[in-house]
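The values are calculated or read from the model by the stated rules, or taken from the named source; none is laboratory data. Bear in mind that the values here come from a model prediction, so they are computed numbers and not experimental data. Positions of Cβ are generated from backbone atoms using ideal geometry, with glycine treated the same way; all protein chains shown enter the neighbour counts.
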Amino acid sequence: MNSSPTHTLILVSGATGYIASRLIPRLLEAGYRVRCLARKPDKLRARPWFSQVEVVAGDVTRAESLHHAMSGVGAAYYLIHSMAAGHGYHRIDLQSARNFAAAAKKAGVGHIIYVGGLADPREKLAMHLLSRIESGVALREAGVPVTEFRAGVIAGPGSVSFEMIRFIAEQFPLMVGPNWLKHRSQPIATSDIIEYLLAALTTPECRGEIVELGCEKSRSYIEVMQEYAHIRGLKRKTLLLPFIPPLLMALMIDKLTPVEFSYALPLVEGLQNDSLVLEPTARRLFPHIEPLDYADAVRQSLADLDPRKIERIWLDSGQEHVRMKHEGFLVDYRVLRSPTSPDVGYSQHREMLESLNFPRVSGWETVTQAEGSPLLLKARGKLPGQLWFECGTTPEGRTSATLLFAPRGLPGFLYWNMILLLKTRQLRDLM
């Protein structure tokens, strides 16, 4: 591979996913040319870096769709899994990895970089972890050098595992779970895993290696949740019971966190295995990277609890009203039914927002109001969390309005639900 980033074309698969969304801006900053592979390229249009990358439509389950994506590529990131497919996802994972590796080999790609699951393959593994490890094996079958990073809990806003931890710890003064939450893990901060992924491009020695990632100190899964709560300033107790069906836990997670059932069930089943670093390969190959401790990763994530720092994935849906949980926020996004002048819309919305008399809100502070940027206001007052209002313009010239609330503890969730119940009609008029 040419040592100059500006001469290197990097393919990022799974471009709409969590890791890719953090990696792509860093690749661009480093001077690489980036090509994104996505089944639905339109889902990337709202990303701030969209105009700086090449986007190719393709599906790793269809080998014939990968030829163009691989052309001229120096290195390719494989950041894909198929858990959302539900039953049989492990078979899809294996075939997808084989398709990707075969296409890379045929196109002369010199390096595949993959993020899999951290577990001891000698143990009896949950299907989710076994599938991640077997996908790494499948990627190597074609003969292209592969760097396989194995990670357990990824601690950062938007990570499925971290958001599951966050929303459970925030909402439950008594956290009830099965005994196997005593299994241990070594979480890795999102910022650190991105550093490893970038460093792999310029570290030839890592090709063909399996690199296990994690912070130095291990914790049980229940301790991971307790530590988040402690750092957040929440008093939490735990109760571990002999047996709670994974299905029941997954259903609860689906209802109360941003993690959908298709993801929650395999992740919950994976908690029945330890997720520990057994080989010091990361330190040998990347001695300049010092992973954050999990506690510092949580503090970093809480510091990023700001609407200006999150991915606006609700814009990917193309819908005029979206309500979701995302990166620690409860979000209500709406598009006005008729076009309006943005300047008029901003002034009208601020006046109407102040007239709504949200409980405990004493006023609204203007955070941003730059020309061409959305109007962003932050509520003042003694709230059980942080309440923000954003008014912007859609690509079609219509006015959009978004309420974002970062709840702190159970009172925060109750407060948000009260707003939706009591203010729905007024919010509809406003937005």
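General observations
- Considered as a group, the residues in segment 369-418 that are of a type in the set (Ser, Thr, Tyr) and not in a helix (DSSP H, G or I) include one that is farthest from the chain's Cα centre (by Cα), and that residue is 399.
- Of residues in segment 373-419 being charged (D, E, K, R) and more than 19 Å from residue 355 (Cα to Cα), the one modelled with the lowest pLDDT: 396
- Residue in segment 181-188 that is among the β-branched types (Val, Ile, Thr), surrounded by fewer than 23 Cβ atoms within 10 Å (Cβ to Cβ) and either closer than 19 Å to residue 276 by Cα or in contact (Cβ under 8 Å) with a residue 60 or more places away in the chain (or both) present: no
- Residue among 103, 155 that alone is free of Cβ contacts under 8 Å to residues at least 60 places away in the same chain, crowded, with 23+ Cβ neighbours inside 10 Å and assigned by TED's automatic domain parsing to the domain that holds residue 214: 103
- Residues in segment 293-302 that are more than 16 Å from the chain's Cα centre (by Cα) and not acidic (Asp, Glu) were compared, and the one that is nearest to residue 188 (Cα to Cα) is 294.
- Yes/no for residue 158 being more than 30 Å from residue 102 (Cβ to Cβ) and not in a helix (DSSP H, G or I): yes
- Selection status of residue 93, buried (at least 16 other Cβ atoms within 10 Å of the Cβ), part of a helix (DSSP H, G or I) and in contact (Cβ under 8 Å) with a residue 12 or more places away in the chain: yes
- Qualifying positions in segment 107-146 - in a strand (DSSP E or B) and farther than 19 Å from residue 191 by Cβ: 112, 114, 116, 117, 146
- Of residues in segment 260-273 being surrounded by 21 or more Cβ atoms within 10 Å (Cβ to Cβ) and in a loop (DSSP other than H, G, I, E, B), the one farthest from the chain's Cα centre (by Cα): 273
- No other residue among 62, 33, 47, 122 is surrounded by fewer than 21 Cβ atoms within 10 Å (Cβ to Cβ), touching an Asp or Glu at 6+ places or on another chain (Cβ under 8 Å) and either in the same structural domain as residue 211 (by TED's automatic domain parsing) or under 24 Å from residue 268 (Cβ atoms) (or both) apart from 33.
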